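The block underneath contains the structure these notes are about, expressed in structure tokens.
The values are calculated or read from the model by the stated rules, or taken from the named source; none is laboratory data. Keep in mind that this is a model prediction, so the values were computed, not measured. Backbone-built Cβ (ideal geometry, glycine too); neighbour counts: all protein chains shown.
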Amino acid sequence: MLRSLRLEHAKRLSELANNEKVSRNLRDGFPNPYTEADAENFLQKFSNQDPVTFFGIDYNVVYVGNISLVPCQDIYRMSAEIGYFIGEPYWNKGIVTTAVNLISEYGFSHLGIVRIQTGIFEYNTASQRVLEKCGFVKEGIFRKSVFKQGKLWDEVRYAKLKPGM
Ligand SMILES: CC(C)(COP(=O)(O)OP(=O)(O)OC[C@H]1O[C@@H](n2cnc3c(N)ncnc32)[C@H](O)[C@@H]1OP(=O)(O)O)[C@@H](O)C(=O)NCCC(=O)NCCS
């Protein structure tokens, strides 16, 4: 289930997020180590949005991670960028595949967008598999565009269009 973020989840969020195996797949704006204060700052910024673009993911009524769909700007405003993570104990249970499908339906029906896109670091094959299972198309490679962990990496670009486009 996707739901609005809750301020009282700061401790839980820091426990889920404070993991190098998570942060290595995300932009440097996602801190490592990830403290409770980092979680409080994030939740204060994104827990009262209208429309909601950052969601908590609940699995069997337990908070396991976040997913976001952020509209792009200017001439790209009919597109949105998707992002997500869940805590390591919950990997490989189909959770993010379900979450990506849910937020994609929400975006196409409530945010007025026609395209959802993102870039995945070349070594993150699990995330690439998630998007392929959700009907995203690999559109290209941004060669050596990512600098992470002291090295340059390719970014694999994926997108999905609103059904019928
Ligand atoms: C990547 C991530 C989002 C996947 O979420 P998840 O809920 O575990 O994904 P799902 O269970 O829905 O699907 C994972 C798929 O990847 C596959 N997979 C897992 N590890 C893999 C690997 N090392 N190589 C290739 N495929 C892999 C699984 O087998 C599964 O595919 P299948 O259903 O065909 O068997 C999760 O591991 C995560 O949050 N990682 C840290 C943060 C991150 O990478 N965020 C995305 C940044 S772009």
Report task. State all residues of the range 104-139 that are free of Cβ contacts under 8 Å to residues at least 24 places away in the same chain, over 10 Å from Tyr158 (Cα atoms) and not basic (Lys, Arg); if no residue qualifies, say none. Result -> Glu105, Ser109, Thr125
Requested in this report: State whether the residues of the range 85-100 include one that is in contact with a Lys or Arg (Cβ under 6 Å, 6 or more places away or on another chain), small (Gly, Ala, Ser) and either assigned to a helix (DSSP H, G or I) or within 14 Å of the ligand (Cβ to nearest atom) (or both).
Outcome: no
Query raised in the report: Just checking, which of Ile141, Ile116, Ile120 is assigned to a strand (DSSP E or B), at pLDDT 95 or above and under 21 Å from Met1 (Cα atoms)?
Result: Ile116
Report task. Kindly check whether there is at least one residue in the range 86-93 that is within 13 Å of the chain's Cα centre (by Cα) and within 19 Å of Phe30 (Cα to Cα). Result -> yes
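Which members of the range 106-133 meet the condition of being more than 16 Å from the ligand (Cβ to nearest atom) and of a type outside the set (S, T, N, Q)? First the steps, then the outcome.
First, pick out the residues of the range 106-133 that are more than 16 Å from the ligand (Cβ to nearest atom): 106-115.
Selection gives Tyr106, Gly107, Phe108, His110, Leu111, Gly112, Ile113, Val114, Arg115.
Does Val70 satisfy the condition of being touching a strand residue (DSSP E or B) at 6+ places or on another chain (Cβ under 8 Å) and near the ligand (Cβ under 7 Å from one of its atoms)? Show your work before the answer.
On the way: touching a strand residue (DSSP E or B) at 6+ places or on another chain (Cβ under 8 Å): yes; near the ligand (Cβ under 7 Å from one of its atoms): no.
In short, no.
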Query raised in the report: Which condition does Thr98 not pass, out of (1) touching a residue at least 12 places away in the same chain (Cβ under 8 Å); (2) surrounded by 14 or more Cβ atoms within 10 Å (Cβ to Cβ), if it passes all the others?
Result: (1)
Report summary line: Per the list (1) in contact with a Pro (Cβ under 7 Å, 6 or more places away or on another chain); (2) more than 23 Å from Lys160 (Cβ to Cβ); (3) surrounded by fewer than 18 Cβ atoms within 10 Å (Cβ to Cβ), residue check on Arg77 breaks on (2)
